[in-house]
Amino acid sequence: METKILESKNMSQTIFIARFITGMSRGGTTWLGKCLNEHPDTAVFGESLFWGRAYIQPQEDGTYSQKQVDNILSRLIQHGCEAFLGKGNGNLKNITPNNLKNLIPTAFGNTEFVPTPVSVFKKICQTICEAESKKITIEKTPHHVNWIDRIIRAMPNSRFVIMIREPYGFMLSYKHQGDRWQEPERTKFKRLYHPLICSLLWRGYIRAATYATHSYAQNTLVVRTEDMKSDSEAVLNEVQKFFLLNPVSKLASKIPPDNSSFLIAERPSLKSEDIFWMNLVASKEISQFGFEKQSSMIEPLRILCSILQLPIWTIRNFIHLNNETSGSVFQYLMRWFR
């Protein structure tokens, strides 16, 4: 696909506020996005991973080469916008997997602009707005909470809703997120799960949320999954006001409760080693945020088995992340562990 490398005056002069739904995966980000997709002015898309795992570092002068632009758009077409494609309430109405393949290349092929991370991201948002006949886009990638520094440096007026969830509900949902899929997807998710790493992941999310709210208080709004469940209308009103949406619409009744991990009737329980690792790794953060700490019988043999599984888990996940990450897998993982 060929992009004309000139800058459009209209594009450079447009006031642009980037809006993001971030925070914990399995924390209600998809349901929140679907609700906001029912607002008359907003189109929610994701997960583009644009500023995080799929980020492509520009050249020394801050611009992208033609090859880099092509790589970004190819990935977006193949993997991006997956969360809200399709028909029905909460989904993008006019963009489908089929027409996305033509929509993005056509939009960029007819555009004159200097390709930088900001201008490319803006153009993606603009294209989705025009296709959906909406005024505002909201991007939803949970792990963008780890890259708020990068986004703020590029777009200082950006706004972030950060979802957080109590640790054991997060772990249960994360562990069983593949249960609704058919084989071999279900097996793949099970093979990628480990209670120690899941605990580190939750702790990484909660620390990133804490850092973001302390560093960028005016740009961030923290929403707890539990509050969204207990009073969804009030939370949705607060989110709409934070995102500067006008009018504030009644959205909660338009989208049924979303459970993308398992059927309610078949809700499983955490194992003793799951609770052990979460309490060991994240006890401090659990207390700091006022979450109730669960207790469980310590079973040494099950804990030992989970330790012995770590080398196998490491190899599987390194291969998986290497296929999904544009930059260094090591740097991506260190972002979590820091």
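Coordinate-derived values only; no laboratory data. Model, not experiment: these values are computed from the prediction. Heads up, the Cβs are rebuilt from the backbone with ideal geometry, glycines too, and the neighbour counts pull from every protein chain shown.
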query = Listing THR127, THR22, THR106 from the residue with the fewest other Cβ atoms within 10 Å to the one with the most, what is the order?
reply = THR106, THR127, THR22
query = Hey, any idea what Rg/Rh is for segment 92-176, computing Rh the Kirkwood way over Cα pairs?
reply = 1.05
inquiry  = Quick check on the exposure proxy: order VAL44, VAL69, VAL223 from fewest to most C-beta atoms within 10 angstrom.
reply    = VAL69, VAL223, VAL44
query = Residue-wise, which Karplus ³J(HN,Hα) couplings in Hz belong to segment 189-197, taking 6.51 cos²θ - 1.76 cosθ + 1.60, θ = phi - 60°, and x for glycine or proline?
reply = 5, 5, 5, 8, 8, 8, x, 5, 5
ask   = Are any of the pairs LYS67/LYS93; LYS134/LYS241; LYS67/LYS123; LYS254/LYS293 more than 23 Å apart by Cα-Cα distance, and if so, which?
value = LYS67/LYS93; LYS254/LYS293
task = Could you pull out every residue, at least 5 positions away or on a different chain, whose amide H is within less than 5 Å of the one on MET163? Hs are placed 1.01 Å off N in the peptide plane, and Pro or chain starts have none.
result = THR22, GLY23, MET24, VAL223
